[in-house]
1. Would you please name the residue that is surrounded by the fewest Cβ atoms within 10 Å (Cβ to Cβ), looking only at residues in the stretch 132-147 that are touching a residue at least 12 places away in the same chain (Cβ under 8 Å) and farther than 15 Å from residue 104 by Cα?
2. Residue under question is residue 49, and the condition is that it be among the polar types (S, T, N, Q), surrounded by fewer than 14 Cβ atoms within 10 Å (Cβ to Cβ) and modelled with pLDDT of 85 or more; does it hold?
3. Of 171, 138, which residue is part of a strand (DSSP E or B), out of contact with any Phe, Trp or Tyr (no Cβ under 6 Å at 6 or more places or on another chain) and among the β-branched types (Val, Ile, Thr)?
4. Determine, yes or no, whether residue 185 is touching a strand residue (DSSP E or B) at 6+ places or on another chain (Cβ under 9 Å), in a strand (DSSP E or B) and at pLDDT 95 or above.
5. Looking only at the stretch 76-112, filter to residues that are more than 29 Å from residue 66 (Cβ to Cβ), hydroxyl-bearing (Ser, Thr, Tyr) and in contact with a strand residue (DSSP E or B) (Cβ under 6 Å, 6 or more places away or on another chain); which one of those is modelled with the highest pLDDT?
6. Residues in the stretch 170-178: is at least one of a type in the set (Phe, Trp, Tyr), touching an Asp or Glu at 6+ places or on another chain (Cβ under 7 Å) and on the phi < 0 side of the Ramachandran plot?
7. Quick check on residue 162: is it assigned to a strand (DSSP E or B), touching a residue at least 40 places away in the same chain (Cβ under 8 Å), small (Gly, Ala, Ser) and farther than 17 Å from residue 73 by Cα?
Amino acid sequence: MAQEGPRWEVSGGYQYMRMDLGSAPAQMNLATESDGLPNLNLPSKLNGNGFTASVQENLNSWFSGVLDVSGAFSNLNMDTTAEVLAAGAIPALPNASFTEMWKQQLYTFLFGPQFTLRRSPYIQPFIRVLAGGAHTAINANLAENGAKLYENDLRTSDASVAFGGGAGADIRVTDRVYFRLAADLIRTTLFNDTQDNVRVAAGITYRIGSR
């Protein structure tokens, strides 16, 4: 199997993604400004945790087609008491504290070729090029002493094409089970802007059949 390669590979595991928000913070600020609230100081990037899964058909020992699906999720709470009180837009309770609450979801659906070096049965490195689509949704709210000021979260979402690629390696556990490490750069064009999202994944690959 090390020389010929399996027919199919199914993978799944954990991913960490450094998510680029692009122009989304500016869109959220337009919503708060209309209510006389200070700008929400969302950073330009968020750290996301989630899943990645793929199905790979090996056309020969080194060339494959891979379908890759992933989801990354991030929650961020920031103390903005000083900014809100300075703006004076909200009648504050005694000893009031204000917290910004952000949630982001980013899903990618990608397909492309993968090239694997199978000279060793123990460690098999690969590189890949991916293209497809991405969808994101961002929710935001402002809380005073833990109570939300907006009954419904402020929300913005978008979808776009996505391109990326990266490299990784499969490390043998058994003849059929390998531990996979991979890193990819995924570029999206959400909110009419360009984002470069860095993804690092670790998981298990199960090999089916043989060539």
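1. 146
2. On the way: among the polar types (S, T, N, Q): yes; surrounded by fewer than 14 Cβ atoms within 10 Å (Cβ to Cβ): yes; modelled with pLDDT of 85 or more: yes.
The answer is yes for residue 49.
3. Numbers: 171 fails: out of contact with any Phe, Trp or Tyr (no Cβ under 6 Å at 6 or more places or on another chain).
Just a single option satisfies the conditions, and that option is 138.
4. Spelling it out, residue 185 is indeed touching a strand residue (DSSP E or B) at 6+ places or on another chain (Cβ under 9 Å), in a strand (DSSP E or B) and at pLDDT 95 or above.
5. Checked the stretch 76-112; the qualifying residue modelled with the highest pLDDT is 99.
6. yes
7. yes
Residue-wise test of (1) modelled with pLDDT of 95 or more; (2) not charged (D, E, K, R).
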residue	(1), (2)
115	yes, yes
120	no, yes
125	yes, yes
132	yes, yes
138	no, yes
142	no, yes
156	no, yes
161	yes, yes
175	no, no
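The values are calculated or read from the model by the stated rules, or taken from the named source; none is laboratory data. This one's a predicted model, so the numbers in the text were calculated from it and none came from an experiment. Heads up, the Cβs are rebuilt from the backbone with ideal geometry, glycines too, and the neighbour counts pull from every protein chain shown.
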